[in-house]
Amino acid sequence: MTLLSSPVSCYSLMADEERKNLLTDHELDATPVNHNRRDSESFTKWKESNLRGLKRKKKKCKASKKGKAKGKKNKVPKRCKGIETPNYLPEKPLVGPSPSMDQQAVLRCFTALQLAEYNTFNVDAYSNWYNESSIMVVGDTGFFLGGEGIKEYIKFLTQGEDHVFSGYDVDQTTLGVLPIKAEGNECIVTTYAKTSIFSNYIENPIDFLGAQRASFTILDDINNPYPSRILVSRTDVYTPPGLLAYTLTGTKTEEFATKLCGIMHTSCPSTFEENCYTEETIDDCVADLLSLPLANEDGKLDDKSFGCRVVHAFFVSTNNDHCPHISFLPKYDVNCLVKCQTSKGITNEDLFHPFELGTFAQAAASLGFGSEQWNVRE
């Protein structure tokens with residue numbers, strides 16, 4: 001049994017009513033309150049403020065509603081000062097296919113891709129092709145760094161049955177291959193095909209012309225005619241404009257917004273608190289999210305949008321480094337990046353050569369797609 005030698009300790013263990021009765025004249029005399037008006041409203045307020053443990057002063061939230069409305073930026077953390085955003089765009093001018101390419105070098109690039117069994121959707125084998133410097137750029141959703149970052153995005157599209165998407169399929173019978181560069185061990189190869197995506201929020205599958213440009217280095221000796229090891233430095237992904245935003249159309253509901261706020265509350269408690277949300281005011285979080293557009297006017301999801309938070313909330317389930325990305329207010333992440341606040345404005349024209357874009361348009365037309373290059377299956 002512990003002996004309590006301090007009067008303050010005894011005071012803290014008393015019931016609320018007993019504490020009130022222990023407010024002595026000495027304590028009252030220490031206040032500027034008029035003692036002849038001890039029953040006045042001012043005295044009552046003072047008395048309540050001195051009841052230790054009964055009422056705690058609520059911590060003032062730094063994120064004002066005015067700041068939220070203006071989208072006020074937070075200060076740059078010291079650890080992020082001087083750090084530049086990685087270059088997510090390919091070098092200019094964009095490399096296009098050349099009729100003078102060495103056909104043996106082209107064949108070697110194709111052979112390397114085949115023997116390396118390169119497959120963007122085989123996320124379990126990513127360590128065979130990507131490293132921490134690899135980058136994937138998707139015009140409508142932004143860029144993803146490293147093999148793990150790329151894996152998170154592909155899993156969002158292909159394994160997100162508990163979140164948004166229930167499946168993803170590439171029709172290999174429609175596959176087209178376009179050599180862009182073949183110089184020594186340096187290769188760029190573009191592939192395109194009819195692709196289908198299945199959403200839990202849209203009744204029928206969506207078919208579209210999908211494509212990607214893989215820039216990679218063959219790691220085998222230049223004299224090896226059967227190379228099987230490659231390192232993919234960047235992957236540029238082509239999707240028809242506005243397609244990805246459409247696939248999320250059914251998510252912008254109060255129910256889904258509540259789900260997103262629940263994820264922020266349980267997986268990102270500090271982010272939840274920094275946005276001035278509490279369990280009692282979670283409706284404020286829901287209202288804030290529903291006030292955002294699903295995507296911006298250009299169909300981009302990397303802006304301050306509801307759709308961007310849908311994407312990154314899936315990542316949060318396995319990696320809370322994405323917590324700053326689902327914040328309503330701008331927050332720097334572990335890589336000193338601020339996401340889901342301002343779109344990078346990346347277009348397919350930034351990523352692909354006009355010859356590639358023309359090839360995609362022809363392929364889409366041959367597959368029966370209209371000018372939008374996608375449709376909802378009937």
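Mind listing whichever residues of region 230-268 are among the β-branched types (Val, Ile, Thr) and farther than 18 Å from residue 166 by Cα?
Within region 230-268, 230, 232, 235, 237, 239, 253, 258, 263, 266 qualify.
Each row is one residue, and each column tells you yes or no for (1) among the charged types (D, E, K, R); (2) in contact with a strand residue (DSSP E or B) (Cβ under 6 Å, 6 or more places away or on another chain); (3) closer than 17 Å to residue 261 by Cα; (4) not in a helix (DSSP H, G or I).
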residue	(1), (2), (3), (4)
315	no, no, yes, no
325	no, no, yes, no
332	no, no, no, yes
335	no, no, no, yes
349	yes, no, no, no
357	no, no, no, no
364	no, yes, no, no
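Go through region 268-295 and give me each residue that's within 20 Å of residue 322 (Cβ to Cβ) and among the polar types (S, T, N, Q).
Result: 270, 271, 275.
Could you tell me whether residue 304 is surrounded by 14 or more Cβ atoms within 10 Å (Cβ to Cβ), within 30 Å of residue 84 (Cα to Cα) and at pLDDT below 95? Break it down into steps so the answer makes sense when it comes.
On the way: surrounded by 14 or more Cβ atoms within 10 Å (Cβ to Cβ): yes; within 30 Å of residue 84 (Cα to Cα): yes; at pLDDT below 95: no.
So residue 304 fails the test.
Across region 179-228, which residue is nearest to residue 252 (Cα to Cα) among those that are open to solvent by 20 Å² or more (accessible area, probe 1.4 Å) and basic (Lys, Arg)?
That would be 194.
Quickly run through region 159-209 and pick out the residues that are touching a Gly at 6+ places or on another chain (Cβ under 7 Å), more than 30 Å from residue 93 (Cβ to Cβ) and of a type in the set (Val, Ile, Thr).
Matches in region 159-209: 202 only.
Taking the condition of being farther than 30 Å from residue 350 by Cα and touching a residue at least 24 places away in the same chain (Cβ under 8 Å), how many residues in region 236-258 meet it?
4
Exactly one condition in (1) in a helix (DSSP H, G or I); (2) out of contact with any Ser or Thr (no Cβ under 8 Å at 6 or more places or on another chain); (3) not hydrophobic (A, V, I, L, M, F, W, C) is not met by residue 297; state its number.
(1)
Give the residues of region 354-365 that are within 13 Å of residue 97 (Cβ to Cβ) and open to solvent by 50 Å² or more (accessible area, probe 1.4 Å), sorted by residue number. Give the steps one after another, and end with the answer.
Filtering region 354-365 for residues within 13 Å of residue 97 (Cβ to Cβ) gives 354-359.
Passing the criteria: 354, 355.
Identify, from the list 99, 93, the residue that is farther than 30 Å from residue 335 by Cβ and exposed (fewer than 12 other Cβ atoms within 10 Å of the Cβ).
Working: 93 fails: farther than 30 Å from residue 335 by Cβ.
The match here is 99.
From 121, 143, 110, grab the single residue that is open to solvent by 30 Å² or more (accessible area, probe 1.4 Å), touching a Phe, Trp or Tyr at 6+ places or on another chain (Cβ under 9 Å) and either free of Cβ contacts under 8 Å to residues at least 12 places away in the same chain or not polar (S, T, N, Q) (or both).
Step by step, each of 121, 143, 110 is checked, and only 121 is open to solvent by 30 Å² or more (accessible area, probe 1.4 Å), touching a Phe, Trp or Tyr at 6+ places or on another chain (Cβ under 9 Å) and either free of Cβ contacts under 8 Å to residues at least 12 places away in the same chain or not polar (S, T, N, Q) (or both).
For residues that are among the aliphatic types (A, V, I, L, M) and open to solvent by 60 Å² or more (accessible area, probe 1.4 Å), scanning just region 150-178, find the one that is nearest to residue 357 (Cα to Cα).
Ranking the candidates gives 177 first.
Of all residues in region 229-270, count the ones that are part of a helix (DSSP H, G or I), hydroxyl-bearing (Ser, Thr, Tyr) and open to solvent by less than 10 Å² (accessible area, probe 1.4 Å).
Count: 2.
Pairs, please: C-beta under 6 Å, at least 6 apart or cross-chain, first residue in contact (Cβ under 8 Å) with a residue 60 or more places away in the chain and in region 293-309, second surrounded by 22 or more Cβ atoms within 10 Å (Cβ to Cβ) and part of a strand (DSSP E or B)?
Correct list of pairs: 302/142.
The values are calculated or read from the model by the stated rules, or taken from the named source; none is laboratory data. Computed from a predicted model, the values in this text were never measured in an experiment. With ideal geometry, Cβ positions are generated from the backbone for all residues, glycine too; neighbour counts draw on all protein chains shown. Remember, those area values only see protein heavy atoms, side chains included, never the ligands or the DNA or RNA. Shrake-Rupley method; radii C 1.70, N 1.55, O 1.52, S 1.80 Å.
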